[in-house]
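See below for the structure under consideration.
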Amino acid sequence: MKPTTLSRLSQWMGIHSDESTEVSSVVIDSRQAGPGSLFVALPGQRTDGHNFAAQALEQGASVLVSRPEFEGKRVLKVADTLTALQNLARSYLKQHGAKVVAVTGSNGKTTTKDMTAAVLSSEILTHSSRGNFNNEIGLPLSILAMDGQCDVLVLEMGMRGPGQISALTDIAPPDVGVITNIGPVHLELLGSLDAVADAKGEMLQAVGPKGIAVLNKDDALVREQWRKHRCQVLWTSAENRDAGLY
């Protein structure tokens, strides 16, 4: 990330600090901690980042972000560490000003994200999410890994249930939103293909009238979502020669 003072980062997290120390990376894995890093201790199903706080400091982390009851040196205490991470990413992106291309779909998200980033990087300074860093943790980390020279940020956005795409686009509002296709995934959580389509359609809601959607014209469910949201669209197709900007 672009070096940012700890006082500014604290402000973004909704807390106060007068520290002028510069932070140049945000990590959640103590093994990645080093000089200039901010370690966010996230609770998990199998382990808790707070258990590795001492190791992060030994590795050289400048500061820890922890829950209120945690005691230790060089600690910033917040009500919820995941929310703090997301707030950091949201504010960093807003201050940075990079354009956002967001990619979702039932299949092909990572490949499409990587291909999009490769094409864009031939002309402009581009950063993209690593691998399939596409959830409520991976997406903020992808944003915070962006340096100060980036013009366009290409992000993958995953979905396991309703409201999740909306939550991710709230952190990174898309200037361009891509839906590769809509298929029968996560039916155990969503119950029907129509519910899957509506969850993916949250991308178009986020794009709104000022952005552009890039959509698969060969997918009937994608076309139906566009009819519901009616944003500006660039259609892609393997079958229809009249695909284009509408």
Meets criteria (of a type in the set (A, V, I, L, M) and under 19 Å from A213 (Cβ atoms)) for V185: no
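At least 2 residues that are open to solvent by less than 20 Å² (accessible area, probe 1.4 Å) and touching a residue at least 24 places away in the same chain (Cβ under 8 Å) in each: list the strands (runs of 3 or more DSSP E) lying fully within region 145-246 that qualify. Steps first, please.
Values: elements: 152-156, 176-179, 212-216, 232-236.
It comes to 152-156, 176-179, 212-216.
In region 68-82, how many residues are assigned to a loop (DSSP other than H, G, I, E, B), open to solvent by 40 Å² or more (accessible area, probe 1.4 Å) and touching a residue at least 12 places away in the same chain (Cβ under 8 Å)? Before the answer, list the steps.
Filtering region 68-82 for residues assigned to a loop (DSSP other than H, G, I, E, B) gives 68-74, 78-80.
Narrowing further to those that are open to solvent by 40 Å² or more (accessible area, probe 1.4 Å): 68-74, 79-80.
From what is left, the residues that are touching a residue at least 12 places away in the same chain (Cβ under 8 Å) are 70, 72-74, 79-80.
Total meeting the criteria: 6.
Per-residue answers, yes or no, for (1) modelled with pLDDT under 95; (2) among the acidic types (D, E); (3) within 18 Å of A98 (Cα to Cα); (4) in contact with a strand residue (DSSP E or B) (Cβ under 8 Å, 6 or more places away or on another chain):
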position	(1), (2), (3), (4)
R130	yes, no, yes, no
N135	no, no, no, no
L139	no, no, yes, yes
S142	no, no, yes, yes
Q149	yes, no, yes, no
E156	no, yes, yes, yes
D170	no, yes, yes, no
I182	no, no, no, no
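Determine whether R46 is under 22 Å from A145 (Cβ atoms), open to solvent by 40 Å² or more (accessible area, probe 1.4 Å) and among the basic types (K, R). Write out each step before concluding.
Working: under 22 Å from A145 (Cβ atoms): no; open to solvent by 40 Å² or more (accessible area, probe 1.4 Å): yes; among the basic types (K, R): yes.
Taking the combined requirement at face value, the residue does not satisfy it.
Pick out the one residue from G108, G131 that is surrounded by fewer than 22 Cβ atoms within 10 Å (Cβ to Cβ) and under 22 Å from A195 (Cβ atoms).
On the way: G131 fails: under 22 Å from A195 (Cβ atoms).
G108 is the lone residue from the list that is surrounded by fewer than 22 Cβ atoms within 10 Å (Cβ to Cβ) and under 22 Å from A195 (Cβ atoms).
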Residues in region 109-127: is at least one at pLDDT below 95, part of a loop (DSSP other than H, G, I, E, B) and among the hydroxyl-bearing types (S, T, Y)? no
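Going by what's in this entry, would T47 be described as of a type in the set (S, T, Y) and more than 23 Å from L93 (Cβ to Cβ)?
On the way: of a type in the set (S, T, Y): yes; more than 23 Å from L93 (Cβ to Cβ): yes.
Considered against the rule, which asks whether it is of a type in the set (S, T, Y) and more than 23 Å from L93 (Cβ to Cβ), T47 comes out as yes.
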Residues of region 5-33 satisfying the condition of being touching a helix residue (DSSP H, G or I) at 6+ places or on another chain (Cβ under 9 Å) and closer than 12 Å to S62 by Cβ: L9, S17, E19, S20, T21, E22, V23, S25, V26, V27, A33
Screening L38, L57 for residues that are open to solvent by less than 20 Å² (accessible area, probe 1.4 Å) and of a type in the set (A, V, I, L, M) leaves only L38
Given (1) among the aromatic types (F, W, Y); (2) part of a loop (DSSP other than H, G, I, E, B); (3) at pLDDT 95 or above, index of the condition Y92 fails: (2)
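Which one is most open to solvent (accessible area, probe 1.4 Å) among residues in region 4-28 that are assigned to a loop (DSSP other than H, G, I, E, B) and at pLDDT below 95?
Step one: of region 4-28, the residues assigned to a loop (DSSP other than H, G, I, E, B) are 14-21, 24, 28.
Narrowing the set further to residues that are at pLDDT below 95 leaves 14-21.
Values: G14: 66, I15: 46, H16: 146, S17: 17, D18: 129, E19: 94, S20: 91, T21: 58 Å².
Across region 4-28, the extreme among qualifying residues is H16.
The values are calculated or read from the model by the stated rules, or taken from the named source; none is laboratory data. Everything numeric in this text was worked out from a predicted model, so none of it was measured. Glycine also receives a Cβ, built like all others from the backbone with ideal geometry; neighbour counts cover every protein chain displayed. Heads up: the accessible areas ignore ligands, DNA and RNA and are worked out on the full protein's heavy atoms, side chains in. Shrake-Rupley method; radii C 1.70, N 1.55, O 1.52, S 1.80 Å.
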